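Mind having a look at this structure? Questions to follow.
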Amino acid sequence: MSIRQVQALDLVQAKLYRDETEVVQDALRHLLQDRPDLRIALAAHFYQTDEELTLAKVATLAGVSAERMKEILISRAIPLRLGPATIEDARAEIIAMEKDLQWTERRPSAT
């Protein structure tokens, strides 16, 4: 007897999720939590394809510092867009960097 492959609809029918979209969103969230390489690749892709996204925003998405994200983008030959285009963008970058700094300060040390 073989066990059948679980489908998103199975989870909905078991009343564990409202719909298949919710199943997929939850699965993607867990996948990106467990796979930092995918988070980083996706963030680099977003930076390259969405002119609205700043370096600080994609760094936050990738879970790395802005400086590390800059290194990643350079290593992938993705041109950097440095400097905010508007005051609102500058404020958003400051907020994202402050959040990154707070996360770094709260993170337990590896030693």
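FYI, it's all coordinate maths here, none of it is from the lab. Predicted model, so just to flag it, every value in this text is computed and none were measured. A quick note on method: Cβ atoms are made from the backbone with ideal geometry, for glycine too, and the neighbour counts reach across all protein chains shown.
For segment 81-100: of the residues being without any contact (Cβ under 8 Å) to a residue 12 or more places away in the chain and in a loop (DSSP other than H, G, I, E, B), which is nearest to Met69 (Cα to Cα)?
Gly83
Let me ask another. Report, by residue number, each residue of segment 66-89 that is surrounded by 14 or more Cβ atoms within 10 Å (Cβ to Cβ) and over 17 Å from His45 (Cα atoms).
Across segment 66-89, the qualifying residues are Pro84, Asp89.
Another question, if that's okay. So how many residues does segment 66-80 have that are over 18 Å from Ala90 (Cβ atoms), charged (D, E, K, R) and outside any loop (DSSP other than H, G, I, E, B)? Even if it seems obvious, please write down each step before you answer.
So the first thing to find is which residues in segment 66-80 are over 18 Å from Ala90 (Cβ atoms), and the list is 68, 71-79.
Filter again for charged (D, E, K, R), leaving 68, 71, 76.
Restricting the remaining residues to those that are outside any loop (DSSP other than H, G, I, E, B) gives 68, 71.
Number satisfying all stated conditions: 2.
Could you check how many residues of segment 20-65 are of a type in the set (Val, Ile, Thr), surrounded by 15 or more Cβ atoms within 10 Å (Cβ to Cβ) and assigned to a helix (DSSP H, G or I)?
Taking segment 20-65 as the starting set, the residues that turn out to be of a type in the set (Val, Ile, Thr) are 21, 23-24, 40, 49, 54, 58, 60, 64.
Pick out the ones that are also surrounded by 15 or more Cβ atoms within 10 Å (Cβ to Cβ) and you get 23, 40, 54, 58, 60, 64.
Still in the list and also assigned to a helix (DSSP H, G or I): 23, 40, 58, 60.
Count: 4.
Restricting the first residue to segment 1-26 and requiring it to be free of Cβ contacts under 8 Å to residues at least 12 places away in the same chain, which pairs with a second residue that is of a type in the set (Lys, Arg) meet a Cβ separation below 8 Å and a spacing of at least six or different chains?
What qualifies is Val12/Arg18.
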